[in-house]
Each structure stands twice: as structure tokens, then as C-alpha cells.
Amino acid sequence: MSGTNSPEAVKKLLENMQSDLRALSLECKKKFPPVKEAAESGIIKVKTIAARNTEILAALKENSSEVVQPFLMGCGTKEPKITQLCLAAIQRLMSHEVVSETAAGNIINMLWQLMENSLEELKLLQTVLVLLTTNTVVHDEALSKAIVLCFRLHFTKDNITNNTAAATVRQVVTVVFERMVAEDERHRDIIEQPVLVQANSNRRSVSTLKPCAKDAYMLFQDLCQLVNADAPYWLVGMTEMTRTFGLELLESVLNDFPQVFLQHQEFSFLLKERVCPLVIKLFSPNIKFRQGSSTSSSPAPVEKPYFPICMRLLRVVSVLIKQFYSLLVTECEIFLSLLVKFLDADKPQWLRAVAVESIHRLCVQPQLLRSFCQSYDMKQHSTKVFRDIVNALGSFIQSLFLVPPTGNPATTNQAGNNNSGGTVSAPANSGMLGIGGGVTLLPAFEYRGTWIPILTITVQGSAKATYLEMLDKVEPPTIPEGYAMSVAFHCLLDLVRGITSMIEGELGEVEAECQTITETASSPTQSSEEQELQSTSDQMDKEIVNRAVWEEMVNACWCGLLAALSLLLDASTDEAATENILKAELTMAALCGRLGLITSRDAFITAICKGSLPPHYALTVLNTTSAATLSNKSYSIQGQNVMMISPSSESHQQVVAVGQPLAVQPQGTVMLTSKNIQCMRTLLNLAHCHGAVLGTSWQLVLATLQHLVWILGLKPSSGGALKPGRAVEGPSTVLTTAVMTDLPVISNILSRLFESSQYLDDVSLHHLINALCSLSLEAMDMAYGNNKEPSLFAVAKLLETGLVNMHRIEILWRPLTGHLLEVCQHPNSRMREWGAEALTSLIKAGLTFNHDPPLSQNQRLQLLLLNPLKEMSSINHPDIRLKQLECVLQILQSQGDSLGPGWPLVLGVMGAIRNDQGESLIRTAFQCLQLVVTDFLPTMPCTCLQIVVDVAGSFGLHNQELNISLTSIGLLWNISDYFFQRGETIEKELNKEEAVQQKQAEEKGVALNRPFHPAPPFDCLWLCLYAKLGELCVDPRPAVRKSAGQTLFSTIGAHGTLLQHSTWHTVIWKVL
């Protein structure tokens, strides 16, 4: 207050006081001599005070009753000019805080008289305000008198006065509570003993309160009395009061000073005992009222709901729930049930609109919804409040579609449907304009002929109400068409957004905490271990409690949400609205997945899948799984039957693609709309971002995608990516340019979806592979017995998934290749060809992949990768075997040096080609063998040399092509050369290997099983070679016999010296 305390300010105050008194004395000179005398003695008084005291302001305050007296007398003259002068002077004294309590009392009494004489009303209000805001000397009776004075001025004949008085009352009420808050602040450090408050309505039970708190208590108690139309205890002298004003004051106090009610028992008692019963009582006309029911049948006329009161009650309720939920759990249950009732179809439109606005205020507070769930839904004998709120929103939205709104004839033309002849439901063509002409359409919902515009009402996440703010309206406003629907729609979206982000946040925290606990626990010292265990168990308890709440929240709301969202999705004609609905369904599906709530997860996913496909599309997955039970089941919500709605075919969406359905019997064409494509993108998004929580519902997702890909005519290309391809069977697919530009994007997202499978955990990856395999089996079933184009979606995607998961290929290799081998045996050539393509691509990729540890050190993995190649040998289709051999050739060219233990497998594939398998196969296989003999003999383990000899011999015996037989004999000659050149090293290695095998055989107690056994291993190799040539010497073809004979004797002649004596014996008797 340095400004008013400084010597200059004090000096100025004294001067002004003296000039005020002089002016007063002049004005009263003629008419009012007593006042003139008082004024003049006042001047002397002021001068003496100023002369005698150092603390001038304190002295003035002490003597303020006398100082103020002349001005009070001046007001008593009732002369406007004099009164104004005096009031200004009094205000000046007050603003310098030189008014004592008694003086203030006197001033208030004088103001009261002026008020009763209706003089200077605006000035009076101003004076009261200055008096109460600049200091705290006015208390108790004087304070109540000042407040009543303002209230009385609120009900005058003059509008300006009334409004000023209303503003003053609001400010004064605020001041009274601010004083109390300040008083609490000052006494905060003193800890008080809580006093038990007797639960009686005796208004004097406030002796425990401090002065400012007591004033606040008395004021609040009287506001309740006044709204209840009872006489006030403390605000004596009130003559009239309106409920609307009283409710506004109650609301502002509750909203601005919640801590007062939460910290003081006396005030919480007022809330419970006064405010709540009052609100419930005032609501009763709205509860009983039914629109259109004739009142004559009931004896007493039903009071009609009154907009101004009802709307203010709802505002109070919103504050009570938001601020004092913890104090008023039972009361809030009643309020919330009322809110839900107000949405009923038989309530007036405006009541439903303000109720849905109030519910929206709750929907943007996820923590509050969580408390509802804990306090009501999870308790045994309690109303399921949270569930009811969501279901009520669902039924509300449905009711808006089922009955065109009645009751406000004015609404029909407001929505701007002039083209529709003023009826409520615009005819279907209003939705069709967007396609032909370039008319921009209002965003809207349209369902079975009911057309409801979507209005932009608020930014997401904030509940900005319109009708709850109409405090100046007495008549219920006309609600524009579509308003209530738009608010309800936002409720659903905000509810989903709030709940999911809250639960996912908490889940994230839990996971992060578990992470840190496991990290710290991995290196514990002895002493901290117990604490670790303690904190882990606390953690577990907390998580169990939390998880129960999360699950209950989802279980309580998913049915209602899904019913409402699927209906809206079906009815939406606006891209942005559709996007929001899909996003809500997607986040719910992902949340259910994270919480492991399978039924609800699959239900939301099914909804998105159904939205992606044409109406009534026969997709078995969607109708046979658990989802079917949902789609045909009706949920009973509050006794109304709510059918899960399947898309209505007459929705007016732009058709963007026409294609053939994927079915065994060729059927007509089906159409995809832009909304279908939008749903498809959501589905891709879901699978891409939340693949880890899809589990078994991969089946739903992939089946739907497979059908869409088919209708859009996407065909697999190298590496398994799908590219727009022209279908073979005629012009079945018609795509608009809009979709043509979308297709590469869609195919790209599809590939990215399977690429992202590398980030899934092992279990999720297995779910994905299983789903793809079962899809592929279905496609195989469909392709049996006809040579139509099969669906290759699953095979292509299995390939794509395998390729990106090479780093952990072991865990999925067997199911993956096992399935592809089945595909390779399929009678449909296109199907078979793709199976082989996928399988060989995977094998080649697996061998070239940079594994850790590398394949050279991980023989088991190498053999695992090569194994399917060997398995292909048992398939009889020549096209498959050709693929197999081409693959072998490519492997030899790229990996030949590092095959190591894989050689027997690879050589086995070449040797498995039988005589009757056609020339081209034999030729390819032989090509491989030539490559082996010319390039790879030095790199393979010596134990494999014998297999090479066998394979080469077997080609000599093939009788399809003489040249091959003759060339193979040449190969045997080359091999014998190699043996001769590298004899020593080969011998060493074979002896080493022989010793190992001998040892193993002895351990098992069996004889060593090897051809030509007693001879040393290197000799045996020669013997095999000679034996093969010997067989060829008796071939039926003369050319072969001649060539083989020459070669046999030349080799024996050239290299026979290497053999041991005993071996010669075998040669002569067994070979020749």
C-alpha cells in the first residue's frame, strides 16, 4: 500500500478531505445549516489530527466515525448534488482504508436508507463494492446488510441498475469467499483439532469457523435457502429472488472455490445436505415429463420442464461431478443416472441437447470416467454407470436415425435443405449430388432415408457447449438439425481418445517400470535384493489393480461403442467423419489387443473388415468366427433392442472400383466405394502399427485384405510384392482414376506391412504365419479342379514375410517351407509355380543372408535351409523339378565354394532325376553336374567324392540322350584324373574320416557299413569308379559300351598303380 501511505499521498488526502468538507459546507449554507456546521467542525477536526499525530492514517481511522459524520448527514439531505459529493468523499476515505468497523456500519445503514428511497442507485452499488473490496472491516450483520442491499437493487424497475446490481452481487459473493481463502492461508501453519460437526440443520453449528469462513458459510447456506424458495437465515431483509440467479451464484462459488468445500467439514456438509437434495428436487419436473403424453389422464398436471432452470441445474451438476466427485459418490450416481435418462427419445429436443452437452463435458475427462468405473461398475450392487453412459449415447444416436426429430417444426428449414421441399429427411438425391455435378455437400450422416448434417461444434478434446451457455434465454431455443448428433458423435470420439490414451499411458509406465526393475534386478547386491522383491511385489499388486480397472473400462464400454460406431460408419457420407470413426475403432481394437481382451478386439476388427468390403459380401471368416455371433446378435441396451447393423447397400458413396469377387463359382461383379478403400487403409494401418497385438485376428485382417486385393486386381510380382496386374479373364476389373493413383500406394503399404513383421515378437510372428498358411489352404481348396486364376495373396505374403525375417528364420522355417511344399504339389499350375517360386527364393535368400553366427559355423542351420530343396525331389510335376534344378544351379554359381556339409544334399537332388523324367530335366541336372566336376571337386569334403562318382555313373545309364551318356563317361575320366593328381591329400582326409566312423561304429557295436569294406578308403573310392564304368560296359547301347570299355582300361592303365594288392583282387573278381 506504499502508494497511499507515502507522505505525498497522505498530504493529498488531507487536502482533498478539507476541500470536500468546504464544498459540502458551501452547498448546505442556505438549506441545511446543521450540515454546514458539521462540515466546518470537520475541517478543524482534520487539521488537529494532522497536526498532533505522526501516524496520520491510523489516527484518522480511529476517529473515522466523527470524520465521516458530516458526509453521512449530507447524504441524509437527499439532495442529488450533495449526496453525490458525499458518496465520492466517502469512497475516497474507504480507498485509503481509514474507515473503522463502526464507521463502516454507519455508512452501510446510510446506504440502506438511500436504497429504500431509490436514490443514486448506481453510486450506491459502487460504494458498497469499494467498501467491501478495499478492506475487511465489514463483517457479519453489516456484511449481510450490504449484500442484501445489492440483491434488492437487482430487482428494480431500471434495467441498467438491475444488471449492475447482478454484477456487483457476483463480485461481492466472490469477495466473501476470497476473504475466507486468504484467512485459511494466514492460519495454514496452525494445526487445528478437527471438530465434529453434528449432522443437524441447525444454522448455528458454525461456532467452530473463523470470522471470514463464518460469513462465507452463512452466505452459501442462504443461497441454498433462497433457491429452495425458503426464507434466508442471515440475509435479512430480502424481498424477492429468482431461482435462475441463485443457481448461477451457487455454480460460480462451487466452480471457483472447490478447495473451501473439500477442506472444511462444515462446507462439505452443506454440499451433501443442502445442495444435492436441492438439485435432485428441482430436476423432478424433467424426470416425470414425457413428450406427447396427454396430461388429462393424470389427476395432477405435470409441471413442464423449464429451460433456464434445467440448463443451470445441469451446469451445477457438471461442476459437482467434476470438482466434488470424491465427496459425493452416491449423489453423483443419481446425477449420472438422471443425465442418462434425459437422453431418452420422449424428452424435449432441447433437454436432450443440453444433456448430451453435459455428458460431453464428462467424456473429455478420462480420469473421471475411470473413477466412475471404479466406484460404480466394479462394485457389486451398484448401477453400471459408465456402461450406461456409453450405451445411452449409442441408443441416443440410433434414436436420431430411427425417428425424424419432432417437436421443433422450425428446425426443418434451418438445416438448409431447401432442395428437399422442407421435409426433415432429405430425399436420397441430396446425397447423390456430389458425383454428377461438382456440388460441394454438407458433411452428413445418412441412414435409411434419414439425413442428418454434421456440424462442426468444437475442437477435439474440449467440450465447448452452446446451449449450456445460453444464460439469457427464457424460452427453450430451437436446436438446429444435426446438432445433438454432432455432439454425441464428439462424445464417442473424445471418450475413445481419452480412455485409450490414458490406459496406454499407464500401460507404458507399467512396462517401463517393469523394465527398470528387471534391469536393476539383473545386477543386485545381496542387501538390495529384498527391497527389489518388495518393490516388484508392490508393482505387481498395483498392476493387478490397474489391470482390473482397465479391463472393466473396456468391457463396460465396448459393446455400446461398437454398435454406435458401426452405425455411424455405415451412415457417414463425409470423409473426415469416416476417418475419425475408423480411427476410434482402430485405437479400441489396439487397446483391447494390448489388454488381451480377445472378443472385443476381434469385434472391432470385424467392424473395420466389414466396412472394407462391399455390402453383403460373402466372406466366410467374418461370418463363421466368433464375430458372427456378434454381428447377428442384438444387444439389449436399457431394454431397447439394438441390432448390430450390417451396411445398408443404399448408402450414397462414390463407387471407385468394380471387380470380381473371390469365389469358387464365378459370380457377377462387386463394387468398392471410396469408403471401402478408406476402411482398407485403416485395416492396413492397424496391421502395420499394431501387428503385435492382433494374435488370432490376423486371420480376419488378412482374409479381408486378400479379398480386397483380388477385387482390385493386384497380382504378385518378384519378392512377393503385389502390383496392379491385368487379370487374365477378360475386363473384369474397372478402376476409376482416383483408385488407379491409390493402387501403387496401397500395394506399397501392403508390402510395408509385411516388412514390419520383422519387428513382431516370435509369438505374434507365428500368429501371422499361421494366418497366412490357413488363408493359403483356403485358396488352394478354391483352386482345385479348375484352372482358373488362383488367389496368390497368401503365398506371395508368406514369401515376403520369410524374406524380412531371415535373421530368425529357424523359428519359422519348418511351418513356412512345409506349407510351400504342399503348394508345390497343387494341381493348378499357376498356384504350383508360385509355391516353387516362393520356396526357391527363400532358400536362395537364406543361403546368401549374413547370418550370425555365419553358416560356415552353423551347419545345422545350413542343412535346415537346404532340406526343402531335397524334399522337392519327391514331387512329380516336371515344372517344379525344373525350378528346383534351376535353384541348384544358381546356388552352385553363387555359393558353391561354401556348401561344405550341404554337398550330399545338393548332389542328391541331381542324382534324384530319373530316366523317365524328360529330356529337359535331365539336361539341366547334368549341366549342374558338369559344373560340379569342372569347378567344385577341390572344395567339397572328400567323403562326397563317392557320391559324385555315383551321380555321374547314373547319368551314363540314362537312355534318353546318347550324348549325355557319353559325356558322363568323359566326366568319370576327368574325375579319375582329379583323384590321381590329388591322391595324397584325398587319402589323408579319407583315412581320418574312416577312423572317426570306425570309432562311432564300435561305440554303437555295429559293423562299419561301406561298399568294398575291408579295402582302405581311398582304394574303395577307386573301386566305386571302376564299378560304375563296369556297369556301363554292359549298357545295351554299343556306343556306350565301347566308350566305357576304353575308359575303364585307360584309367586302370593310367592310375592302377595307386591300388594296393588286396584291392586288385576285388577289381578283377568284382568289376571285370
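The values are calculated or read from the model by the stated rules, or taken from the named source; none is laboratory data. Because the structure is a prediction, the values reported are computed rather than measured. Positions of Cβ are backbone-derived with ideal geometry, glycine not excepted, and every protein chain shown enters the neighbour counts. The protein model used for the area step is the full one, side chains on, heavy atoms only, and it has no ligands, DNA or RNA in it. Shrake-Rupley method; radii C 1.70, N 1.55, O 1.52, S 1.80 Å.
Laid out as a table, the results:
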quantity: For peptides 701-708, 874-881, 6-13, sequence by mean Cβ density within 10 Å, most packed first; calculated: 701-708, 874-881, 6-13
quantity: Burial ranking of peptide ranges 942-953, 276-287 (average Cβ count within 10 Å, highest at the top); calculated: 942-953, 276-287
quantity: Cross-link pairs beyond the 26 Å C-alpha cut-off, checked among K12/K81; K288/K473; K341/K464; K379/K583; calculated: K379/K583
quantity: Table column - 3J(HN,Hα) (Hz), the stretch 588-598, Karplus curve with 6.51, -1.76, 1.60, x for Gly and Pro; calculated: 5, 4, 5, 5, 4, x, 5, 8, x, 8, 5
quantity: Solvent-accessible area of R22 with every protein chain in place, 1.4 Å probe, in Å² to the nearest 10; calculated: 120
quantity: Exposure rank, largest accessible area first [L957, L393, L402; 1.4 Å]; calculated: L402, L957, L393
quantity: Residues whose placed amide H lies under 5 Å from that of A444, excluding near-sequence neighbours; calculated: I454, T573, D574
quantity: 5 angstrom amide H check on K723, placed H, neighbours 5+ away; calculated: K715, S717
quantity: In Å², nearest 10: area of D935 left accessible to a 1.4 Å probe; calculated: 80
quantity: Cα shape, the stretch 861-961, gyration tensor, a/c 1.5 rule; calculated: oblate
quantity: Cβ crowding within 10 Å averaged over residues, with 56-69, 346-359 ranked highest first; calculated: 346-359, 56-69
quantity: Computed accessible area, E989, all protein chains, 1.4 angstrom probe, square angstrom; calculated: 100
quantity: The stretch 538-551 - phi-based ³J(HN,Hα) in whole Hz, Karplus 6.51/-1.76/1.60, Gly and Pro as x; calculated: 4, 4, 4, 4, 4, 5, 4, 4, 4, 4, 4, 5, 4, 5
quantity: Exposure ranking of E579, E475, E552 by accessible area [1.4 Å probe, largest first]; calculated: E475, E579, E552
quantity: Most to least accessible of K81, K844 (protein chains only, probe 1.4 Å); calculated: K81, K844
quantity: Using θ = phi - 60° and Karplus 6.51 cos²θ - 1.76 cosθ + 1.60, couplings along the stretch 830-843 (whole Hz; Gly, Pro as x); calculated: 5, 5, 4, 4, 5, x, 5, 4, 5, 5, 5, 4, 5, 5
quantity: Euclidean distance of C-alpha centroids, the stretch 806-843 and the stretch 221-292, integer Å; calculated: 76
quantity: Heavy-atom accessible surface of the stretch 51-147: percent carbon and sulfur, 1.4 Å; calculated: 46
